[in-house]
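To keep things clear, I will list the structure first and then write my remarks on it.
The values are calculated or read from the model by the stated rules, or taken from the named source; none is laboratory data. Here the structure is a predicted model, which is why all the values come from computation and not from measurement. All Cβ positions, glycine included, derive from the backbone under ideal geometry; neighbour counts span all protein chains shown. Please note that ligands, DNA and RNA were not included when accessible areas were found on the heavy atoms of the full protein model with its side chains. Shrake-Rupley method; radii C 1.70, N 1.55, O 1.52, S 1.80 Å.
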Amino acid sequence: MIVVTGATGNVGRPLIEALTEAGEQVVAVSRRPLPSPAEGVRHAQADLGNARSMRPVLEGADAFFILLAGELLGHGEAATELLTAAKDAGVERVVLLSSQINATRPGVPSHGRLREFEEAVRGSGLDFTILRAGGFASNAFAWAESVRADRTVFAPFGDVALPVVDPADIAAAAAVVLREDGHAGRTYELTGPEAITPRRQAEVIAEAIGEEVAFVELTREAAHAHMAQFMPEEVIPGTLDILGEPLPAEQRVSPDVEKILSRPATPFSGWVARSLPAFK
């Protein structure tokens, strides 16, 4: 049995689908009820920030996927308490979805919680794998409303390219390392197959919907105000630093998705094709 947290998100949903298609029994954990869980999926309403609420969920599990929601990045019980609960429950394998920032900008205050979890996972005594993801292709959903209404994308740093990763690729990689041997003790960096600018992303969306989409470049201040509507305040400055002045390591295309999945990573155009209804 595999316990999956973040069950309602862009990674959790395809991960659960991949695991059930592989014949695994899954416990999908979320703080809100799940609508009609699929066959082979049991829903558990629990709070990842509360180790006590997770203890009964973890009983009988072989593997545990940890995804921290944004509101848990700055507070919550010690990560060691959650990992202790997992070990006490008999869990043998844990996979943590972390961030590339932990490698490229280890001192960034906004990701201290993720660093805490990485350290706890490494010291847990469990077989562990850490997946450090770059920027998500699905962040482009933030443009969906303006594309539908005005055929316009508003974004900062229009000509700065980053290798954004399809969340479905993260889910597919997580499904492999949760089920297969040979990944214990490893840290993988997950990116897309090419660096792509926000301006080019807008062009890809335009090509997919068959209509012109204007690109309007925001100032850093305007972007900060916009992101504050859906991101924790402490995460925004570091995010803007990466978007505007990425380090060479943050622009590098990693081979790890292809290494894990034995296929190339999905390009941004592939994510758009699958997500097209959001932009029409």
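Values computed for the structure shown
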{"read-out": "Span from the region 129-154 Cα centroid across to the region 170-217 one, whole angstrom", "value": "10 Å"}
{"read-out": "Radius ratio Rg over Rh of region 117-230, counting only Cα atoms, Kirkwood formula for Rh", "value": "1.09"}
{"read-out": "From phi via Karplus (6.51, -1.76, 1.60), per-residue ³J(HN,Hα) for region 126-137 in Hz, x at Gly/Pro", "value": "8, 5, 10, 9, 10, 10, 9, 8, x, x, 7, 4"}
{"read-out": "Mean residue ellipticity (222 nm) of the chain, computed from DSSP H runs ≥ 4 via -39,500 (n - 2.57), nearest 500", "value": "-11000 deg cm²/dmol"}
{"read-out": "Square roots of five times the Cα gyration tensor eigenvalues for region 193-280, Å", "value": "24, 21, 12"}
{"read-out": "Förster radius 22 Å - calculated FRET efficiency between residue 263 and residue 38, Cβ distance, rounded to 0.05", "value": "0.35"}
{"read-out": "Accessible surface, per residue, of the chain when the full set of protein chains is kept, probe 1.4 Å, Å²", "value": "45 Å²"}
{"read-out": "Cα-based helix-to-principal-axis angle, 112-122 vs the chain, degrees rounded to 10", "value": "40 degrees"}
{"read-out": "Spacing of the two label points (7 Å from each Cα toward its C-beta) at residue 251 and residue 231, in nm", "value": "1.9 nm"}
{"read-out": "Kirkwood Rh (inverse of mean 1/r, distinct Cα pairs), region 167-222, angstrom", "value": "14.8 Å"}
{"read-out": "Debye equation applied to the C-alpha atoms of the chain, log10 I(q)/I(0) at 0.15, 0.16 Å⁻¹", "value": "-1.18, -1.32"}
{"read-out": "Between 0 and 90°, nearest 10: helix 198-209 axis offset from the chain longest Cα axis", "value": "90 degrees"}
{"read-out": "Under 13 Å, Cβ to Cβ, from residue 28 - net charge with Lys/Arg +1 and Asp/Glu -1", "value": "+1"}
{"read-out": "Mean separation of Cα contacts under 8 Å, 6 or more apart, over the residue count of the chain: relative contact order %", "value": "18 percent"}
{"read-out": "Dipole magnitude (debye, nearest 20) for the chain, charges at Cβ of Lys, Arg, Asp, Glu", "value": "240 debye"}
{"read-out": "Gain in span if fully extended, residue 208 to residue 87, counting 0.36 nm per residue against the direct Cα distance", "value": "38.9 nm"}
